[in-house]
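Take a look at the structure set out below.
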Amino acid sequence: MSDDHTQVQEFFTARAADWDTRFPDDGPAYRAAVAELALSPGSAVLDAGCGTGRALPALRDAVGPSGVVLGADLTPAMLEAATRAGRDLAGQLLLADVTRLPVRTQSLDAVFGAGLISHLPDPAENLRELRRVVRPGGMLALFHPIGRAALAARQGRQITPDDLRAEANLGPLLAGSGWLMTSYVDEDARFLALAVRQD
């Protein structure tokens with residue numbers, strides 16, 4: 001993906017209005033992925049590149065009323081769709097670039113990123129930025145509601161060896177950015193890589 005944020009915004013602006021109706025059955029996969037983060041009540045979590053905020057209700061349920069839920073996205077139209085869906089009630093929405101977050105260093109317990117990594121302009125550097133905002137021992141979840149092969153088939157393409165989400169590529173990428181991958185699942189029904197912040 002280009003580091004020209006205009007390209008990302010144009011892509012998602014054109015799809016924001018019907019994004020949720022295009023993928024109406026993803027809710028359970030989001031909830032299951034959030035559950036794997038094992039967040040405690042009172043935790044602080046960021047949904048990085050939150051889009052229409054589909055993870056926000058599950059994140060709010062996980063951290064409870066005393067927790068903090070932030071949803072950051074670069075595309076105003078996606079945040080507007082999240083608000084229309086009432087998901088702004090589950091967390092605070094931020095119009096923000098996840099490569100330069102307006103979040104204090106080591107202020108979060110976890111970051112959740114659905115479909116995020118393929119849109120990062122400089123994945124290694126951008127993963128370091130996500131690490132910056134997470135406390136030592138905090139977690140990162142990189143998620144997609146379908147696996148790599150199913151997503152490639154949906155998009156009419158083949159999986160390539162340089163796919164960042166391939167386990168052989170993602171593990172070293174995370175390690176070089178200060179994360180230790182602790183689990184990796186790539187099935188037709190979901191993709192989920194969990195990592196812990198290293199010091």
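Structure data summary
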read-out	value
Which of 30, 184 is most accessible, then next, and so on - probe 1.4 Å	184, 30
Cα-based Rg of region 40-199 normalised by 2.2 N^0.38 Å, two decimals	1.00
Surface accessible to a 1.4 Å probe, residue 109 within the full protein complex, Å²	50 Å²
Listed residues 31, 128, 54 arranged by accessible area, highest first, probe 1.4 Å	31, 128, 54
The chain, accessible surface, carbon-and-sulfur percent (1.4 angstrom probe)	52 percent
Radius of gyration and Dmax over the Cα atoms of region 146-189, both given in Å	11.6, 34
Sequence ranges 90-102, 148-160, 38-50, ranked by mean other-Cβ count within 10 angstrom, highest first	38-50, 90-102, 148-160
Amide H contacts of residue 179 (H built 1.01 Å from N, under 5 Å, at least 5 apart or other chain)	198
Cα-projected label distance for residue 7 with residue 153, points at 7 Å along beta-carbon direction, nm	2.9 nm
Candidates 178, 71, 86: whichever shows maximal mean-square fluctuation once the chain is modelled as a Gaussian network with Cα springs under 10 Å	86
Residue list for region 185-199, given a label point 7 angstrom along the Cα-to-Cβ vector of residue 167 and an amide N cut-off under 16 Å	185-195
Amide H within-cut-off set for residue 44, under 5 Å, with H built and near neighbours excluded	68, 109, 110
Residue-normalised accessible area of region 61-108, given per residue in Å² at a 1.4 Å probe	49 Å²
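The values are calculated or read from the model by the stated rules, or taken from the named source; none is laboratory data. Note that this is a predicted model, so its numbers are computed, not measured. FYI the Cβ positions are ideal-geometry reconstructions off the backbone, even for glycines, and counts take in every protein chain you see. Accessible surface areas use protein heavy atoms only, side chains included; no ligands, DNA or RNA. Shrake-Rupley method; radii C 1.70, N 1.55, O 1.52, S 1.80 Å.
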